[in-house]
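A.B. asks: One structure is given below, represented as structure tokens, and several questions about it will come after.
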Amino acid sequence: MRQSTLATKTLREAPKDEESVNSILLTRAGFIDKLAAGIYSFLPLGLAVLRKIENIIREEMLLIGGQEILMPALQPKENWDKTGRWNNFDALLKLKAFGDKDFALGATHEEVISPLAKKLVLSYKDLPFALFQIQTKFRNEARAKSGLLRGREFSMKDLYSFHTSQEDLDNYYKQTTTAYFKIFERCGLGEKTYLTAAGGGSFSKYSHEFQTVSEAGEDTIFICDNCKKFAINKEIKAETPACPACGGMGFKEARAIEIGNIFKLGAKYSAPFDLKFKDQNGQEQNVIMGCYGIGPGRVMGTIVEISHDDKGIIWPENIAPYKYHLIALGDDANVKKEADALYEKLTKENLEVLYDDRSLPAGQKFAEADLIGLPYRLVVSAKTLKEKSVELKKRDAAKTELVELSKIVQALK
């Protein structure tokens with residue numbers, strides 16, 4: 001992509017109505033644009049990051065047997081009445097449709113997936129299976145804040161699993177936990193993310209959250225000093241003095257951002273919709289369910305919160321919108337010719353490159369490159385061409401190196 005044609009603009013100053021690091025940097029760097037509190041447009045660079053995160057999630061869900069579907073965002077009131085949540089789900093956005101019909105904009109999808117699964121399940125032979133979607137959610141947050149970390153409209157991956165027994169659910173729950181850690185590792189969050197015991201378990205003592213340590217977090221967690229892998233949310237710490245994973249009693253307190261959660265639902269949402277199966281004896285039993293959520297947009301915001309410096313964003317390679325930022329310096333015709341040729345070569349080799357071909361001062365180009373935060377910067381200038389080379393610099397490194405122009409494509413490959 002040539003930066004001269006990229007539909008984005010960078011800002012020198014922080015937006016006056018933004019306070020969080022992720023919203024300030026993503027707005028300044030031209031990744032997102034705020035429409036209203038908690039509602040953002042994803043511009044080309046931002047959407048590229050979001051899609052990469054979604055694809056990582058999708059790949060790992062498919063590997064554990066998830067089948068992708070897409071459910072409606074518009075949901076009828078009667079489904080929410082069956083679960084008793086029409087009047088007690090505080091953040092539910094409600095609206096009237098033609099004929100005075102009541103609907104909700106999907107804040108979650110238990111009220112859709114359960115009646116859908118009922119059409120797919122007849123006997124124990126139809127189980128287990130798992131369905132997931134990546135879709136937009138809507139919540140009437142009283143105070144939308146923190147950029148992509150708490151919005152009124154946001155992306156969410158929902159995975160729902162369906163089982164004949166608690167044992168089968170427990171096994172799949174472990175598989176999903178492992179898959180989640182793979183996702184966060186691939187997104188550059190693995191070292192700071194902890195499986196965290198939390199309240200809200202419907203069919204077990206705990207639900208579990210995946211919490212990433214960050215001062216921007218709304219939650220307080222206590223990380224086990226013994227196993228250093230498990231944490232307990234502050235909301236249940238008083239009733240859970242020992243680590244549920246290893247029994248350790250020593251903890252380190254930290255602020256954290258919740259980037260995923262998993263629940264053993266049991267029959268909480270299958271029973272209201274009469275979602276049953278016939279067992280091997282021909283007896284009807286409630287289908288046992290689990291649900292597993294990740295917010296791709298929240299993951300994106302969290303990455304920015306923990307991976308930046310005073311110059312801008314530092315994207316992990318797996319999710320950066322482009323891997324390389326090629327910059328042509330000066331108005332020398334030969335510089336432009338060589339930079340254009342290098343851009344074409346990189347593109348033909350399917351190497352992801354953003355090419356700053358604009359006529360701007362070097363200082364402005366470098367400042368914008370650091371703000372946007374692509375993993376590697378390539379500079380072509382009259383100075384580098386004297387050495388028949390390209391300057392290569394990693395975003396989070398101070399050191400630069402010269403690589404021969406004739407060898408740069410192969411070196412990058």
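A.B. asks: What is the list of residues in segment 116-160 whose amide nitrogen lies under 17 Å from a point 7 angstrom out from the Cα of D279, following Cα to Cβ?
C.D. replies: Backbone N within reach: 122-128.
A.B. asks: Considering only A242, A107, L385, whose Cα is most displaced toward the positive end of the charge dipole of the chain, charges sitting on Cβ of Lys, Arg (+1) and Asp, Glu (-1)?
C.D. replies: Projecting each Cα onto the dipole axis, the largest value belongs to L385.
A.B. asks: Considering the options L25, V299, L360, tell which one lies farthest towards the positive end of the dipole of the chain, charges being +1 on Lys and Arg and -1 on Asp and Glu at the Cβ, about the Cα centre.
C.D. replies: Final value for the positive-end residue is L360.
A.B. asks: Relative to the present Cα-Cα distance, how much length would full extension add between K9 and A142 at 0.36 nm per residue of separation?
C.D. replies: Value of the extension gain: 44.8 nm.
A.B. asks: When you take every Cα atom in segment 324-412, what is the radius of gyration, and what is Dmax, the widest Cα pair distance, in Å?
C.D. replies: 11.8, 31
A.B. asks: Against the longest principal axis of the chain, how steep is helix 166-186, in degrees 0 to 90 to the nearest 10, with axes from Cα atoms?
C.D. replies: Computed tilt is about 10 degrees.
A.B. asks: Could you order peptides 138-150, 260-272 by the average number of other Cβ atoms within 10 Å of their residues, highest first?
C.D. replies: Taking the mean over residues of other Cβ atoms within 10 Å, the ranking is 260-272, 138-150.
A.B. asks: Roughly how many whole Å is it from the C-alpha centroid of segment 344-363 to that of segment 159-176?
C.D. replies: Comparing the Cα centres of segment 344-363 and segment 159-176, I get a distance of 47 Å.
A.B. asks: What ranking, highest mean first, results for peptides 162-170, 72-80 when packing means the other Cβ atoms within 10 Å averaged over each residue?
C.D. replies: Averaged packing, sorted descending, gives the order 162-170, 72-80.
A.B. asks: State the label only: which of (1) 24.0; (2) 18.7; (3) 25.5 corresponds to mean projected area of the Cα convex hull in nm² computed from the shown model?
C.D. replies: Evaluating mean projected area of the Cα convex hull in nm² on these atoms matches (1).
A.B. asks: Give me the three principal axis extents of segment 241-304 from the C-alpha atoms, as integers in angstrom, largest value leading.
C.D. replies: Sorted largest first, the three principal extents are 51, 34, 19 Å.
A.B. asks: If you take every DSSP beta bridge fully contained in segment 324-412, what fraction is antiparallel? Give it as a percent rounded to 5. Intermediate values should be presented prior to the final figure.
C.D. replies: Working: 9 of 18 bridges.
That works out to approximately 50 percent antiparallel.
A.B. asks: Shifting gears a bit: If packing is taken as the average number of other Cβ atoms within 10 Å across a peptide's residues, how do 290-302, 46-58 rank, most packed first?
C.D. replies: 290-302, 46-58
A.B. asks: Run the dipole for the chain about the Cα centre, Lys and Arg Cβ at +1, Asp and Glu Cβ at -1, nothing else charged, and hand back the magnitude in debye, nearest 20.
C.D. replies: The dipole magnitude comes to about 420 debye.
A.B. asks: Between segment 22-94 and segment 294-339, how many Å separate their Cα centres?
C.D. replies: 24 Å
Since every read-out is calculated from the coordinates, none of them should be taken as a lab result. Quick caveat: nothing in here was measured; it's all calculated off a predicted structure. With ideal geometry, Cβ positions are generated from the backbone for all residues, glycine too; neighbour counts draw on all protein chains shown.
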